[in-house]
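None of the figures in this text is laboratory data; all of them are computed from the coordinates on show. Model, not experiment: these values are computed from the prediction. FYI the Cβ positions are ideal-geometry reconstructions off the backbone, even for glycines, and counts take in every protein chain you see.
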Amino acid sequence: MTDVPELFKMFWSKIDGAKFRSSWDYGEWLAYFNERAAIAEYDGEMPRASAEGSAFDQCIEKWRNQKRRASLSNLRSGVEY
């Protein structure tokens, strides 16, 4: 089993206790984080630590977008969020 990056652990700890629950589970978020980090590292030629920082930022943005879409959907259906 590979080690889980510290930045991912920080990301997960922030969203795991949040009021909004993502439809993605731990494994899906970890896969997304690792994919984003790998792309930044290899295609973007970034050092691994910088690539993980970029992946962290992208995970936060993805989570915020999911939250925004859920809120808009709830507003349209008349459900308070």
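If I ask for residues that are within 17 Å of Asn65 (Cβ to Cβ), among the acidic types (Asp, Glu) and out of contact with any Ser or Thr (no Cβ under 9 Å at 6 or more places or on another chain), which ones from the range 13-51 would you list?
Restricting attention to the range 13-51, the residues satisfying the condition of being within 17 Å of Asn65 (Cβ to Cβ) are 14-15, 18-24, 28-29, 32-33, 35-36.
The next check asks that each one be among the acidic types (Asp, Glu); those that pass are 28, 35.
Glu35, the sole residue that qualifies.
If I filter the range 47-60 for residues that are touching a helix residue (DSSP H, G or I) at 6+ places or on another chain (Cβ under 6 Å), surrounded by 11 or more Cβ atoms within 10 Å (Cβ to Cβ) and outside any helix (DSSP H, G or I), do I get at least one hit?
No, the conditions are met nowhere in the range 47-60.
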